[in-house]
Amino acid sequence: MNRVLHAEWTKVRTEPTARWLLPTIVVATVLVSLLAIAAASCEGGGCGLDPVALSLAGVQLGQAVVVMLAVLAIGGEQGTGLLRTTFTAAPRRMVVLAAKAVLTGGLTLAAGTVAVLGCVAAGRAILPGNGNGNGNAAPSLADGPTLRAVVGSVLYLVLIGLLALGVAAAIRDSAAAMGAVLALLYAVPLVAAAINDPELQRTLRRFAPMTAGLAVQATTDLDDLPIGPWAGLAVLAAWSGASLLLGALLLHHRDP
């Protein structure tokens, strides 16, 4: 495992695309959060918004870059045929996939932590001065629900990376894998919003990976959520686990 991990780390360090995707996760996430915070400026105090979830809004775009990073971790080799060389050097395919999962998760954890903390810093700097809310408007890591939302957001990005890695292992084409994951993340909430049946709408939001997982960011009106914060993250974890399992089975039983 150590040898395979070292080989995968070498690939990442020497891959130009992976090197710029990591800082892009941070920049895209923080930038969108800044725009969301600025757009929520209210005259007279209070927009009725969750200040923590608002500060972490950039995660919804940052996850798309995480998907690209995860898909390229295996999709790039599948597209060029280099995956055959990898399996020749390391015949135990499950070990290779596990190494890619550890590396993808670790890199996403590092970049996601920086990005999420940057979002919180932006919220603390801007929210108190833009008329949005009361004395509790500025997110603080000393607050239990805020800390849960911050830690949960980082874990959310890691789980999204693992979900995308599993899909990429199952689908040989990188573009198709990215399209499938992004559609699962973004299209399902749009479909749910277009449905007139409130109960069906709530059910879709409860089990869709994005809407369920992002429930962990909520710090206000928790009783109105389709699913609880940690339960929602558990739903996303189930999606990620199922994706990796499917990818592992297909990778094991077919030619690379």
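The values are calculated or read from the model by the stated rules, or taken from the named source; none is laboratory data. Treat the numbers as computed from the prediction; the structure is a model and nothing was measured. Heads up, the Cβs are rebuilt from the backbone with ideal geometry, glycines too, and the neighbour counts pull from every protein chain shown. These accessible areas exclude ligands, DNA and RNA; they are computed on the full protein's heavy atoms, side chains included. Shrake-Rupley method; radii C 1.70, N 1.55, O 1.52, S 1.80 Å.
Only one of ALA39, ALA101 is of a type in the set (Gly, Ala, Ser) and surrounded by fewer than 18 Cβ atoms within 10 Å (Cβ to Cβ). Can you tell me which?
Working: ALA101 fails: surrounded by fewer than 18 Cβ atoms within 10 Å (Cβ to Cβ).
The match here is ALA39.
Which condition number does ALA142 fail, the rest of (1) open to solvent by 10 Å² or more (accessible area, probe 1.4 Å); (2) under 25 Å from ASP221 (Cβ atoms); (3) at pLDDT 90 or above; (4) small (Gly, Ala, Ser) being met?
Answer for ALA142: the failing condition is (3).
Kindly indicate whether GLY232 is farther than 18 Å from GLY105 by Cα, under 16 Å from the mean Cα position of the chain (by Cα) and surrounded by 14 or more Cβ atoms within 10 Å (Cβ to Cβ).
It is true that GLY232 is farther than 18 Å from GLY105 by Cα, under 16 Å from the mean Cα position of the chain (by Cα) and surrounded by 14 or more Cβ atoms within 10 Å (Cβ to Cβ).
Need a quick list: helices (runs of 4 or more DSSP H) entirely within segment 5-117 having at least 1 residues that are under 21 Å from LEU250 (Cβ atoms). Before you say what the answer is, go through the steps one by one.
Numbers: elements: 16-39, 51-55, 59-80, 82-89.
Qualifying helices (runs of 4 or more DSSP H): 59-80, 82-89.
Anything in segment 204-239 that is farther than 19 Å from VAL120 by Cβ, aliphatic (A, V, I, L, M) and outside any loop (DSSP other than H, G, I, E, B)? List them, or say none.
Let us first name the residues in segment 204-239 that are farther than 19 Å from VAL120 by Cβ, namely 204-212, 221-228, 230-232, 234-239.
Then keep just the ones that are aliphatic (A, V, I, L, M); that gives 204, 208, 210, 212, 222, 225, 227, 231, 234-238.
Matches in segment 204-239: LEU204, MET210, ALA212, LEU222, ALA231, ALA234, VAL235, LEU236, ALA237, ALA238.
Within the set of pairs 6+ apart or on separate chains, which have a first residue in segment 139-166 that is in contact (Cβ under 8 Å) with a residue 60 or more places away in the chain and within 22 Å of ALA183 (Cβ to Cβ), a second that is aromatic (Phe, Trp, Tyr) and not in a loop (DSSP other than H, G, I, E, B), and C-beta atoms under 6 Å apart?
Pairs that qualify, where the first residue is in contact (Cβ under 8 Å) with a residue 60 or more places away in the chain and within 22 Å of ALA183 (Cβ to Cβ) and the partner is aromatic (Phe, Trp, Tyr) and not in a loop (DSSP other than H, G, I, E, B), are LEU163/TRP239.
Determine whether THR203 is over 28 Å from ALA101 (Cβ atoms) and open to solvent by less than 40 Å² (accessible area, probe 1.4 Å).
no
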